[in-house]
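**Q** Sharing a structure below in structure tokens format, with a few things to ask.
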Amino acid sequence: DDTGARNLLEEEAKRVAQAAANRGVSLARHFENNDPRNALLSTSCDMIVVGARGHGGVMGLLLGSVADYVSRHAKVPVVIVPAGE
């Protein structure tokens, strides 16, 4: 059961949305249990902001990179935020 993790994610998303709203930026959030690449690319939006875990090199090649895939296939601008930023 991932209820605890989902609750933490929703609370953090609310905090980020409120911080953005305080600066005049509106955000939409959507939680889904699917392939993140397809979920991000199928969402109607003006921009995609995606995090990168920093699994470069061989590990990145073996696992693939959601951020890399989305940046190459999105029809809108993509901002990649490195882990820890």
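The values are calculated or read from the model by the stated rules, or taken from the named source; none is laboratory data. All values derive from a computational prediction rather than experimental measurement. Ideal geometry is used to build each Cβ from the backbone, glycine not excepted, and the neighbour counts take in all protein chains shown.
**Q** Can you confirm whether residue 83 is at pLDDT below 85 and touching a Lys or Arg at 6+ places or on another chain (Cβ under 6 Å)? Spell out how you get there, then give the answer.
**A** Details: at pLDDT below 85: yes; touching a Lys or Arg at 6+ places or on another chain (Cβ under 6 Å): yes.
Here the answer is yes, as residue 83 does meet what is asked.
**Q** Please go through the stretch 1-55 and pick out each residue that is of a type in the set (Asp, Glu) and assigned to a loop (DSSP other than H, G, I, E, B).
**A** Matches in the stretch 1-55: 1, 2, 32, 35, 46.
**Q** Kindly indicate which of 49, 16 is β-branched (Val, Ile, Thr) and under 19 Å from residue 71 (Cα atoms).
**A** 49
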